[in-house]
């Protein structure tokens, strides 16, 4: 399955991360570190009207057509020419319009989530609605913003919203009609549920948050999906939820067909900074240990040591984790930027929060800030360089506790002010060491794409450029001014023998091509 | 307050920026002729969320100021003048007031709260509901948590609350008029909103917990603050001119433009560029990325130089010393410095 997807990835971009691994690595080499300076504009497509900006969705490219979304909107445009084929508008009824990460496609059906808690299926040929299903309760301040992931026999959908104290969950839906196949709550819902001993009461657990903002990754051989979960509730004021608050801010392996938990790893035990742990769980098949692999190879990095089933996450709290994805055991836990909130790691490799750095009435200076050491924009792993790339920030802010009562709800505090230095960190997945670090003058996070052409594509934040870096050294090689910050994760594909690179910045999709 | 930070900036700028630097306005042209709404749309409605998301919830002016400040801390880019225009627009047009009591239809369908209705409902809640549901409606051993009640959350201006109170409430209640139900609906929605981020209840507590003497020693010694600042000069009577939390924010994050007053000009970041043939150009920085550096030269002209082999770019950030504090300073010292500065009356 993975091999088949990799083959497809040369010509298409069929799912949120390109393939199920979350690596956002393309085997294409037509555009490479030697010729990228000639990469030129193919077309741009600007959306207009309500809900048009910014485009956070990663477009899918299937059959020469790009499909992408923003809240209440889905577009199909010609991947060669940028001309619109159809535009679907959902008649929304409330919810949160902060963003939409994209669509899922299975066969000739497209799946998209809406701000008012619907999963909608469209015919990819004409954008006509096939069916709709309610997946959450908009009155309870849930909303939907994530990209559905289509795996064999299931559409995996997550839910969003950390305004009031609700439980997070993830669902598998029937691709044919959207009916519910299974639902897994991220926090205990009834007596006897695992993790309940990490909450003071069932009542607190049942309202304990843990939203499922990020599209999952999937290992077809193990038949496991890898879910990353959001912050606990109440978010900042935490006096009434002592304990680790499982399974919030965690990486969780679930059986794809039964929705049952196989293992978990908590990236931010008892989170009090809205850090989540929803960054992509990137699946890496590579050796661990043994001789260092060549850093400039374009072969896909075949090592002499047997590849292992690994999982890596650069988490919003500033920690980089490498796990054995068969059992969730941590192989490596380290900082990918300096942080000041933890007292090392426990025997499971999970960070130990420093109580002094929980939000305080008179303020605690904490790094990272609320936006985090990274955030939802997609990381990338290149098997060619052996490097895990993350859009990162060294950031500080002061965290205040506002609700000092015994039973806070909702937020009860926040951070103020702040300073941040944004950068790309290139992390050696085996050691966690920073191989290179490239700082930006601008601010903001952007998604990443690495390719076998020894390139790393991303945005330089508010400086408003789409850039290509040398994936081995971080040296800037190419840029195009795209007016505003890159707002999604770039993709690449081949049509008619030409390699395209497509990225969104604000209300515009830009396509670049290497002409013959 | 503005005067203090102006002083502070002036001292820093004088210490690190060339005397020939033109006024900062040259570095970043003011957005002339643009409406407050247009500025807000441009700055707040593109990078992270769209404009409609920004104006979802009405806020008071201090809340909008804090919100905008927060956004700057998270990377929003705006000049002081733009920040002032944004706060003005939002505080005027998207305030909490009785005129915004109803949400819209379709995507804008959000429950709104009329503060006057909440006020009128308070005695009714106190007499009929509070004993069981608690002062903040979060429940007691005798009554449910109403902030988490589906009846309350699904309610729109009494639509579900009215029928529930009339016939489904666990204890029979005396009949309520339609107006009373509407008032209670506003009251309970306000209690839900109390828990949301940006809640009007969420205001800082006492940040004046440090030791002023220890703060003074740090200021004069290890902190190196006295190199640029003086309690008799730029910081004179700062404890009268700024509240403690503002002092705390500004000494840590002076480069957060929202934390400056609108009368204060932006700090001048300067840059010195040396080209391969030895030419040196310096002046206020306009734009810098990996490929180009733009600045105003000594004549005031805009210059853009392509970065590449042999081109040296040296940036001077007047706030560099403040940024350098962040990884070093402890929370105790931070509180001590705030206490010291606040004591300068």
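The values are calculated or read from the model by the stated rules, or taken from the named source; none is laboratory data. These numbers were taken from a predicted model, which means no experiment stands behind them. Positions of Cβ are generated from backbone atoms using ideal geometry, with glycine treated the same way; all protein chains shown enter the neighbour counts.
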Item to check | Residues (touching a residue at least 24 places away in the same chain (Cβ under 8 Å), under 18 Å from residue A:495 (Cα atoms) and surrounded by fewer than 19 Cβ atoms within 10 Å (Cβ to Cβ)) located in the range A:48-82 | outcome: A:63, A:64, A:80, A:81, A:82
Checklist entry - Which strands (runs of 3 or more DSSP E) sit wholly inside the range A:17-81 and have at least 3 residues that are in contact with a helix residue (DSSP H, G or I) (Cβ under 9 Å, 6 or more places away or on another chain), away from chain B (no Cβ under 14 Å) and modelled with pLDDT of 95 or more? => result none
Checklist entry - Only one of (1) surrounded by 14 or more Cβ atoms within 10 Å (Cβ to Cβ); (2) in contact (Cβ under 8 Å) with a residue 24 or more places away in the chain; (3) not in a loop (DSSP other than H, G, I, E, B) is not met by residue B:240, so which one is it? => result (1)
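For the range A:301-405, list the strands (runs of 3 or more DSSP E) that sit wholly inside it and hold at least 2 residues that are over 22 Å from the mean Cα position of the chain (by Cα); which are they?
On the way: elements: A:308-314, A:319-324, A:330-335, A:342-345, A:351-353, A:364-366, A:380-382, A:387-401.
Output list reads A:342-345, A:351-353, A:364-366, A:387-401.
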Checklist entry - Any chance the range A:451-465 includes a residue that's touching a helix residue (DSSP H, G or I) at 6+ places or on another chain (Cβ under 8 Å) and not in a strand (DSSP E or B)? => result yes
Checklist entry - Based on what the data block shows, is residue A:405 out of contact with any strand residue (DSSP E or B) (no Cβ under 7 Å at 6 or more places or on another chain), more than 7 Å from every other protein chain (Cβ to nearest Cβ) and either surrounded by 24 or more Cβ atoms within 10 Å (Cβ to Cβ) or at pLDDT 95 or above (or both)? => result no
Checklist entry - For residue B:153, are the conditions met, namely being in contact with a helix residue (DSSP H, G or I) (Cβ under 7 Å, 6 or more places away or on another chain), touching a residue at least 12 places away in the same chain (Cβ under 8 Å) and closer than 29 Å to residue A:161 by Cα? => result yes
Item to check | Condition met for residue B:181 (at pLDDT 90 or above, buried (at least 18 other Cβ atoms within 10 Å of the Cβ) and not in a loop (DSSP other than H, G, I, E, B)) | outcome: yes
Checklist entry - Where residues in the range B:276-298 are modelled with pLDDT under 95 and surrounded by fewer than 12 Cβ atoms within 10 Å (Cβ to Cβ), which of them is farthest from the other protein chains (Cβ to nearest Cβ)? => result B:278
Item to check | Residue that is surrounded by the most Cβ atoms within 10 Å (Cβ to Cβ) [pool: residues in the range A:101-141 that are in contact (Cβ under 8 Å) with a residue 60 or more places away in the chain and part of a loop (DSSP other than H, G, I, E, B)] | outcome: A:102
Next on the checklist: Please go through the range B:299-318 and give me each residue that is within 24 Å of residue A:419 (Cα to Cα) and surrounded by 14 or more Cβ atoms within 10 Å (Cβ to Cβ), ordered by number.
Outcome noted: B:313, B:315, B:316, B:317, B:318
Checklist outcome for this item: Taking the range B:200-216 and keeping residues out of contact with any helix residue (DSSP H, G or I) (no Cβ under 6 Å at 6 or more places or on another chain) and either surrounded by fewer than 18 Cβ atoms within 10 Å (Cβ to Cβ) or within 21 Å of residue B:156 (Cα to Cα) (or both) leaves B:200, B:201, B:203, B:205, B:206, B:213
Item to check | Hey, residue B:210 assigned to a loop (DSSP other than H, G, I, E, B), at pLDDT 95 or above and within 14 Å of chain A (Cβ to nearest Cβ) or not | outcome: yes
Item to check | Subset of the range B:165-178 [modelled with pLDDT of 90 or more, part of a helix (DSSP H, G or I) and surrounded by fewer than 16 Cβ atoms within 10 Å (Cβ to Cβ)] | outcome: B:166, B:167
Checklist entry - What residue, of A:431, A:451, A:458, is more than 8 Å from chain B (Cβ to nearest Cβ), closer than 26 Å to residue A:333 by Cβ, surrounded by 21 or more Cβ atoms within 10 Å (Cβ to Cβ) and touching a residue at least 12 places away in the same chain (Cβ under 8 Å)? => result A:458
Item to check | Wholly within the range B:6-117, helices (runs of 4 or more DSSP H) carrying at least 1 residues that are more than 14 Å from chain A (Cβ to nearest Cβ) and modelled with pLDDT of 60 or more | outcome: B:36-44, B:61-73, B:80-93
Checklist entry - Does any residue of the range B:134-150 turn out to be within 37 Å of the chain's Cα centre (by Cα) and more than 30 Å from residue A:404 (Cβ to Cβ)? => result no
